[in-house]
1. If you take every residue apart from Arg168 with its C-beta less than 11 Å away from the C-beta of Arg168, what net charge results, scoring Lys and Arg +1 and Asp and Glu -1?
2. Could you tell me which of Pro361, Val122, Thr246 has its Cα farthest along the dipole of the chain towards the positive end, charges placed at Cβ (Lys, Arg +1; Asp, Glu -1), taken about the Cα centre?
3. In deg cm²/dmol, rounded to 500, what helix-only [θ] at 222 nm does the chain give when every DSSP H run of at least 4 residues adds -39500 (n - 2.57) and the total is split over its residues?
4. Taking loop as defined by DSSP and a crowding limit of 14 other beta carbons within 10 Å, which chymotrypsin sites (Phe, Trp or Tyr not before Pro) in segment 131-235 fit?
5. Which helices, taking whole DSSP H runs in the chain, have alpha carbons extending 27 angstrom or more along the helix axis plus mean Kyte-Doolittle at least -1.0?
6. Enumerate the calculated ³J(HN,Hα) couplings along segment 316-326 in order (Karplus 6.51 cos²θ - 1.76 cosθ + 1.60, θ = phi - 60°), each rounded to whole Hz, writing x wherever the residue is Gly or Pro.
7. How much net charge surrounds Tyr326 when only the other residues with a Cβ under 10 Å from the Cβ of Tyr326 are counted, with Lys and Arg +1 and Asp and Glu -1?
8. How high is the relative contact order of segment 195-322, in percent, counting Cα pairs under 8 Å that sit 6 or more residues apart?
Amino acid sequence: MTIETTTRSRLSQRVHDVPPSGIRKFFDVLATMPDVISLGVGEPDFDTPERVIEAGVASLREGRTHYTSNYGTIELREAVSRHLDGLYGLSYDPEREVLITVGVSEGMHAAIAAVIDPGDEVILAEPTYSSYLPDVVFAGGVAVPIRTRPEDAWQLDPEAVEAAVSERTKALFIGFPNNPTGAVLEPDTLLALAEIAVRHDLIVITDEIYDRLVFGGHRHEAIAALPGMKGRTIVLGGFSKAYAMTGWRIAYACAPSDLIDGMLKVHQYIIMTASTTSQDAATVAIYECEDDVARMVAEYDRRRRMFVAGLERLGLPTVEPRGAFYAFPDIRASGLSSDEFATRLLHEERVAVIPGNAFGPSGEGFVRTTLATSYEQLEEALVRIERFLGAR
Ligand code: PLP
């Protein structure tokens with residue numbers, strides 16, 4: 001008997017084209033080490049608010065253990081619609097313009113899959129959250145990264161965006177408040193981006209998962225609320241960060257009904273519906289947990305002020321993060337690459353940070369640290385980083 005050999009890969013070209021996650025690689029090492037202060041993971045250290053947990057348990061006890069509408073429960077869609085109206089004056093029809101997704105992760109995938117054809121270009125800011133680019137590649141699209149810089153406070157430069165628009169540009173993908181830089185877009189930047197989208201007839205996909213986590217008197221504004229934008233924007237928002245609900249896997253997308261219908265097609269065939277328990281719990285989060293959001297934001301802010309001041313004191317310049325829960329210090333003075341810095345800091349001082357190049361080449365020279373760990377742990381991390389730098 002002969003065994004047939006073939007050089008043909010068992011995996012698709014698209015899967016080959018997506019590089020392995022720079023973050024995952026790091027966590028695999030970290031998981032094997034004791035006494036590590038992890039400033040690596042991008043998820044709240046808080047538990048889900050008690051009222052939300054109770055709502056989830058009550059939902060199960062009431063026998064709500066079945067599928068919901070593919071769009072999601074009407075109760076949650078109504079809650080999302082009121083929520084965005086209250087925050088941004090954005091009014092979406094809960095029947096046709098809101099889709100409940102399994103995290104913003106699924107929302108991003110469904111949005112890109114719904115609007116991108118092979119060869120279509122998607123402009124996005126870099127450093128960039130690690131899923132944006134793979135989602136574009138999985139859809140056969142071409143990601144066109146625009147470098148953002150610390151000297152511009154990591155703002156996305158509208159002129160650079162305009163210069164990158166080509167005949168194949170279909171969408172502008174923005175994610176602010178930004179992971180990893182913490183940048184919040186200035187109102188005039190947002191306006192200029194909106195004008196470009198209108199001028200070139202682009203769809204805007206906006207990941208606003210950190211919209212509630214904004215500090216120091218800064219405000220997040222929704223691009224969809226600007227003139228000419230609601231009809232061309234897919235707003236992605238979620239519960240993972242502001243309500244400390246990462247494990248519930250629940251989020252939403254709001255857009256004109258034709259775009260939501262396109263996303264629904266993707267969603268219904270790969271997901272069907274988001275978890276019923278999580279939808280019921282998220283409805284309560286919107287109506288009853290404003291005080292919990294405020295409490296967590298205040299604590300992130302307290303940590304942020306202490307930690308960023310500490311990094312500066314150690315000679316690691318850090319643009320003030322105005323939103324999300326990360327600080328993105330410049331580590332170039334250490335003479336190390338961001339990979340070396342992160343690897344050696346982990347092995348020598350047991351502090352885990354993410355190398356900035358995991359967010360694209362323009363993140364080289366920086367590392368991402370999260371503020372979603374206790375104040376005391378952040379203080380201890382500064383002591384260890386100081387010792388690490390002193391040993392250089
Ligand atoms: N978007 C950004 C910018 C994120 O940082 C994350 C998680 O870290 C996500 C989306 C994924 O969120 P979800 O838990 O809703 O899938």
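1. -3
2. Towards the positive end, the residue furthest out is Pro361.
3. So the helix-based figure for the chain works out to -13000 deg cm²/dmol.
4. none
5. Answer set is 290-313.
6. For segment 316-326, the Karplus curve yields 10, x, 9, 5, 3, x, 9, x, 6, 9, 10 Hz.
7. +2
8. 22 percent
The values are calculated or read from the model by the stated rules, or taken from the named source; none is laboratory data. Because the structure is a prediction, the values reported are computed rather than measured. So basically every Cβ, Gly included, is an ideal-geometry build from the backbone, and we count neighbours across all protein chains shown. Note: areas computed on protein heavy atoms with side chains; ligands, DNA, RNA excluded. Shrake-Rupley method; radii C 1.70, N 1.55, O 1.52, S 1.80 Å.
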